[in-house]
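The values are calculated or read from the model by the stated rules, or taken from the named source; none is laboratory data. Everything numeric here is computed off the predicted structure, so don't read it as measured data. Here the Cβ positions follow ideal geometry from the backbone for every residue, glycine too, while neighbour counts run over all protein chains shown.
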Amino acid sequence: MPEDTISQRSEDFYSGAYGRIVRLMAVLGTVLTGVALLRFGGMVAAGFAAGCIIAMLNFHWLKTVASALVDRAANTGKSQSSKGIVGRFLFRYLLVAGVAYVIFRISLASLYGLLAGLFLPVAAIMLEAAYELVVAMRRGA
């Protein structure tokens with residue numbers, strides 16, 4: 001197989017990582033919320049679900065901010081204000097802190113669920129890395 005074809009296939013595969021990670025987060029969040037509900041009860045499961053939702057939003061916003069910074073650095077023509085980029089970056093942390101405070105006031109057990117749910121992207125990225133490793137080993141890379 002020509003080198004250009006292999007290179008293009010690899011580039012197509014790795015460019016799909018973001019979509020696979022988002023899908024993994026959705027599946028993991030749904031399944032693990034059900035597990036939390038059965039194992040720890042409704043309050044922890046609600047906190048976990050809230051943590052998963054915030055983590056998914058945070059992951060999406062992080063990608064948006066990173067893309068905006070790259071576009072700004074490369075001067076691709078899409079002009080975004082520095083204040084807007086920094087504001088969205090800080091808003092993410094204010095959102096997490098606000099939700100954590102509200103949940104803390106309601107139930108400490110829910111706070112534990114929230115904090116566990118915030119690690120959803122870590123689990124999805126680890127699974128994506130394992131998947132990419134398996135694919136690379138199958139291709140003989």
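So here's what we get for this one:
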quantity: Residue match in segment 32-50 (condition: of a type in the set (S, T, N, Q), assigned to a helix (DSSP H, G or I) and closer than 30 Å to Glu132 by Cα); calculated: yes
quantity: Selected residue [in a helix (DSSP H, G or I) and in contact with a Pro (Cβ under 7 Å, 6 or more places away or on another chain)] from Phe59, Phe91; calculated: Phe59
quantity: Which numbered condition Gly140 fails, given (1) within 23 Å of Gly41 (Cα to Cα); (2) outside any helix (DSSP H, G or I); calculated: (1)
quantity: Residue check for Gly77: at pLDDT below 90 and at positive phi; calculated: yes
quantity: Extreme residue, nearest to Met56 (Cα to Cα), among residues of segment 123-141 that are modelled with pLDDT under 85 and exposed (fewer than 11 other Cβ atoms within 10 Å of the Cβ); calculated: Ala141
quantity: Residue count, segment 112-122 (criterion: surrounded by fewer than 17 Cβ atoms within 10 Å (Cβ to Cβ), touching a residue at least 24 places away in the same chain (Cβ under 8 Å) and not in a loop (DSSP other than H, G, I, E, B)); calculated: 1
quantity: Top-ranked residue in segment 109-119 [being among the aliphatic types (A, V, I, L, M) and in contact with a Phe, Trp or Tyr (Cβ under 8 Å, 6 or more places away or on another chain); ranked as nearest to Val27 (Cα to Cα)]; calculated: Ala116
quantity: Residue that is farthest from Gly34 (Cα to Cα), among those in segment 101-111 that are buried (at least 18 other Cβ atoms within 10 Å of the Cβ) and modelled with pLDDT of 85 or more; calculated: Leu111
quantity: Qualifying positions in segment 46-77 - over 14 Å from Leu120 (Cβ atoms) and in contact with a Ser or Thr (Cβ under 9 Å, 6 or more places away or on another chain); calculated: Ala46, Val70, Asp71, Arg72
quantity: Per-region count, segment 22-44, residues crowded, with 21+ Cβ neighbours inside 10 Å and modelled with pLDDT under 95; calculated: 1
quantity: Condition check for Ile54: closer than 19 Å to Gly113 by Cα, touching a helix residue (DSSP H, G or I) at 6+ places or on another chain (Cβ under 9 Å), surrounded by 16 or more Cβ atoms within 10 Å (Cβ to Cβ) and of a type in the set (A, V, I, L, M); calculated: yes
quantity: Cross-chain or 6+ apart pairs with Cβ under 8 Å, segment 83-104 first and under 16 Å from Leu57 (Cα atoms), then among the charged types (D, E, K, R); calculated: Ile85/Arg72
